[in-house]
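None of the figures in this text is laboratory data; all of them are computed from the coordinates on show. What you see is a predicted model, and the numbers here were worked out from it, not measured in a lab. So basically every Cβ, Gly included, is an ideal-geometry build from the backbone, and we count neighbours across all protein chains shown.
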Amino acid sequence: MINKTMFKKRIKKLFRLMNDNSIAIIESAPKKIRNNDSTYRYRQSSNFYYLTGYDNPSAILVILKKKKKLTTHFFTKKPNKHDEVWTGSLPSSVKIKNLHGFDKCDYQEDFEKYLISYLENIKSVYHSWDHDNVSKLIFNKCLDKLEQRYRSGIELPSEFFSLKKILHKLRLIKDKHEIELIRAAGKISSEAHIAMIKKCKPGLTEKELEALLIYNFNVNNALEAYTSIVASGKNACVLHYIENSSTLQNGDLLLTDAACEYKNYASDITRTIPINGRYNRYQKLLYNIVLKAQEKAIEACVIGNTLQNIHLIAVKIICKGLIELGLINKSYKQAMDEELYKKFYMHNTGHWLGLDVHDPSEYKEDNEPVKLKAGMIFTVEPGLYIRAHKSVSKKFHNIGIRIEDDILITKKGPEILTSNVPKSIKAIEKLMVGSNSE
Ligand code: GLY
Ligand code: MN
Ligand code: MN
């Protein structure tokens, strides 16, 4: 059942930010061709889903603000015999109107007719067009027709705004329904990681563990939120390693960055475990630096702080750790000033999380880092990646470590949505006891 009230509330929020005498036009994601006539599994545009909860292609939402009055008009594909046979029957316009609570619902062939009447005397247009959106082509056609009638005194739209910018701002603070879905996604992903950690042993392949993760997502009605990274040994030093084709070697670490999307909401987890169930001395030294950086960074996830500060906390701990281990042979000041740690820690400590795994909200507002507020969700994911190089002691070669959790900002402090997956050395080794004995 669609929660009409919740989606209406979101549309209302957008409506309040729109100028009077304006129209917002937003379109569903198209089906994407994989090759020839095969398509990828359909994924709705996150902005479209955020406003509508509608999960099919070929749909357009129009939001009208005229004399401060809100009207929503939804356009969808007409149910037809071909779809009924090949992909399943589509809902009728009446059904969609009732289910989603739009003011009006019609089929796409009528979009042009309605749009041209709506555009008369509209001043501002809000849109999120990329390239060849159907609504953009029809909009331009309508505009041409209206221009021909310009002399009869019609006002033509004169201001165009990016709907994306506004929606990304709204999406930054999650409402309680979104929080529940991200919490659920985090729980499913955590269980998948635990199952994978228990199963891990030398001789298995990265692919087998990837399959186990995806199996766990799928049986819980979830999909991969992004392509899983299951990286053993030196593969973990390649940040976006997704081949997942190596065999797990005794004595190596395994970095797994994998998580699901549940009802279109993402989670994002990384754990780094010893393939044989026990971290060696050098792995432990590096692991504890990353863990400390992550834990201290999470402690700082409080209202008013910024992701920039949180990154700096992680960086400082990592930089000190690298100096202590002799991996940086310069003073702390020099290492920080010259960003020498970037040789081993080259990415940011976190990103917004929501409908997209890298949720698209801005990180700065008026050129200042965005201050954390209750309802914001993001990741904290420091790492260390030590490639084999003659400048580095051999005992540290080919070790890649990242620890990543999903954090919700609350008035009471940070809530770790993925805390079920162990991350201390002791807890991980305990979970793995017996996993090699099968
Ligand atoms: N899984 C992608 C990331 O951690 O940002
Ligand atoms: Mn991440
Ligand atoms: Mn990740």
What angle do you read, to the nearest 10 degrees and between 0 and 90, between the alpha-carbon axis of helix 163-172 and the longest principal axis of the chain?
50 degrees
Under 18 Å Cα-Cα from Lys411, which aspartates and glutamates qualify once same-chain neighbours fewer than 8 residues away are excluded?
Asp175, Glu178, Glu180, Glu299
Which pairs in the list Lys330/Lys394; Lys12/Lys373; Lys164/Lys292 are over 31 Å apart, alpha-carbon to alpha-carbon?
Lys164/Lys292
Treat every Asp and Glu Cβ in the range 267-368 as -1 and every Lys and Arg Cβ as +1, leave all other atoms uncharged, and give the resulting dipole magnitude about the Cα centre to the nearest 20 debye.
940 debye
Could you point to the residue in Leu285, Leu209, Asn264 farthest towards the positive end of the chain's charge dipole, with +1 and -1 charges on the Cβ of Lys/Arg and Asp/Glu respectively?
Leu285
Where is the GNM fluctuation largest for the chain (alpha-carbon springs, 10 angstrom cutoff): Ala266, Ala185, Ala427?
Ala427
How do the peptides 237-248, 147-158, 309-320, 326-337 rank, highest first, by the average count of neighbouring beta carbon atoms within 10 Å per residue?
309-320, 237-248, 326-337, 147-158
For the range 245-385, shape from the Cα gyration tensor axes a ≥ b ≥ c, cut at a/c of 1.5 then a/b versus b/c, turns out oblate
Student exercise, the chain dipole from Lys, Arg, Asp, Glu Cβ charges, in Debye to nearest 20
840 debye
If you wrap a convex hull around the Cα atoms of the chain, how much volume per residue is inside, in Å³?
179 Å³
Which residues among the range 187-218 fall inside the zone where the amide N is under 19 Å from a point 7 Å beyond the Cα of Glu429, along Cα→Cβ?
197-202
If you take every residue apart from Tyr241 with its C-beta less than 12 Å away from the C-beta of Tyr241, what net charge results, scoring Lys and Arg +1 and Asp and Glu -1?
-2
Here FRET efficiency (C-beta to C-beta, Lys123 to Arg41, R₀ 30 Å, nearest 0.05) is 0.15
Among Tyr40, Tyr215, Tyr49, which one shows the biggest mean-square fluctuation in a GNM of the chain, springs joining Cα atoms closer than 10 Å?
Tyr40
Any aspartates and glutamates whose Cα falls less than 12 Å from that of Lys187, other than same-chain ones fewer than 8 residues away, would be Glu261, Asp268, Asp405, Asp406
Could you give the length gained on full extension between Lys145 and Ile242, defined as 0.36 nm per residue of separation minus the Cα-Cα distance, in nm?
29.9 nm
How about Lys234: which aspartates and glutamates have a C-alpha closer than 14 Å to its C-alpha, ignoring those fewer than 8 places off in the same chain?
Glu206, Glu243, Asp252
Relative contact order, percent, the chain [alpha-carbon distance under 8 Å, six or more residues apart]:
14 percent
